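Read the structure below first, then the notes.
Just so you know, all these numbers are worked out from the coordinates, no wet-lab data involved. Quick caveat, the model's predicted, so the values are computed rather than measured. Neighbour counts are summed over all protein chains in view; Cβ atoms, including those assigned to glycine, are modelled from backbone coordinates with ideal geometry.
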Amino acid sequence: MNELLFTRFISNILGIHVYCVTASDHSLFTFEEECCFEKTLQPMYTAEYLEYLLNHNDTTTFYEITDYLNTNICFFQFEGKQYILGPYVKNNFSSQEIQELLASHNLPARIFMPIKLYYNQFPKLSYQMIRGTVIAAMRTFVPNTPEYKYRKLTGFHEEIKEHKLLEESNRTYSQIIDQYEMENFFLRKISDGDVTGVKLAFESIASNYYASTSQSQRSLYSTDWNGFAVLRTLARKAAEQGGCSVVKIDEITRESIQQYALARTESELNNVQKNMLIKLTKAVADTKKMSNYSPIVRNTLNYISANYSQDISLSELADMNHISEEHLSRSFKKEMGSSISTHIGNIRIKKAAELLKSTNLSISEIAMYIGYSDNNYFVKVFKKRYGMTPSAYRSSL
């Protein structure tokens, strides 16, 4: 496995430093030099302690360290390599807590501002965000990666000895906050139009759901009908907040409801939800791209998207924009690189391909649905675009 690609993958998604620890101690000293602000307050961030911890960790456990400054790091093993993620923070900087901390450790007040600058440079993340993203990344590289346990290390107040590392077992206030932060992170990815981010966030939520043994600890994800309704509602609002047309949102979610009703296995139900989220996020991304177009072209694109299965005339579109047909044609081709008729045809054929993949509708039913009354003409146009007939395309899936 390419560990450099693995670390970059995680780092780019979370905006966090990821260190792959080599056999030598050099990488640990590099981490200490770059990340340890004050050894008295961060003993576990030193090369000495990290070396001990990495030599005594379990191969399928995520370990999280929280120091006196309330910054955190996470470390784990994967494919024979040791990785350290962080530092990261979970809460906003507390002036009062740091002032009390400095006083209790007989440290000078002059380091208060450097500590604040140090703290605020790190991303605000929850453990659930990190765990979900890392598990998703692991399974991208190694599909059969097992579940990982979690241990929070709390023995740094005194010298660390073997068997002195304590496991946090109770559901705390911070864990509840972490759950909601993960869900908000996931919904932000939809409203941002971040397709890669929403895939990883969804995998994280689903993974955390199955890892929970208690129903009360399970988050918004669930493959039962009620869970799907909650996920669908929140995703719709996130897409709307991202600027996506409510008509497009309604089209995507209605289609997902139909597919959900036909799904039989948990895997199929999971895929319906995941595909719905990806489509909504792509729709948001497409909407954001449209901000680069002129109001005339945006109006035209929105109208075509909602009415592509109907007969749409150039004069109808021109009247809607209160301009001449020539002006509309010229503006559309200049900005889109194709004519209006070509654009409508592309949308129809793309939709046909989606229906061939996701439904059992006949070829003639799909042709009629997307706006082709002549089935033979539809087959000809489809073959020109995909290099094969609709029937062959469906068979190849």
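Whats the longest run of the chain with zero GluC sites (Glu not before Pro) that are DSSP loop and have at most 13 other Cβ atoms within 10 Å?
On the way: sites that count: 79, 147, 158, 159, 162, 167.
In the chain, the maximal stretch lacking such sites is 168-397.
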Self-check item: Low-density loop cleavage sites - trypsin sites (Lys or Arg not before Pro) in region 247-345, where at most 16 other Cβ are within 10 Å (DSSP)
Solution: 264
Practice problem: Grab the alpha carbons of region 3-169, take their convex hull, and tell me the volume per residue in Å³. | Solution: 117 Å³
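Quick one, what does Rg over Rh come out to for region 293-396 if you take C-alpha atoms and the Kirkwood Rh? Provide the component values of the computation, followed by the final result.
On the way: Rg = 15.0 Å, Rh = 14.6 Å.
When Rh is taken as the Kirkwood radius, the ratio is 1.03.
For region 1-111, with only Lys/Arg (+1) and Asp/Glu (-1) charged at the beta-carbon, what is the dipole magnitude about the Cα centre, in debye rounded to 20? Don't skip to the end; give the middle numbers.
Details: 5 positive and 14 negative charges, 56 e Å.
That gives region 1-111 a dipole magnitude of about 260 debye.
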Quiz item: Could you state the number of Å between the C-alpha centres of region 9-44 and region 48-91?
Solution: 9 Å
Quiz item: So, counting K/R as plus one and D/E as minus one, what does the shell of residues with Cβ under 9 Å around residue 203 add up to?
Solution: +3
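Okay, helix-only estimate at 222 nm for the chain: each DSSP H run of n ≥ 4 adds -39500 (n - 2.57), divide by all residues, round to 500 deg cm²/dmol; what do you get? Please report the intermediate quantities before stating the final value.
Numbers: 18 runs with 239 residues, N = 397.
Theoretical 222 nm ellipticity from helices: -19000 deg cm²/dmol.
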Quiz prompt | Sites residue 117 and residue 391, calculated FRET efficiency, Cβ-Cβ separation with R0 56 Å, nearest 0.05 | solution = 0.30
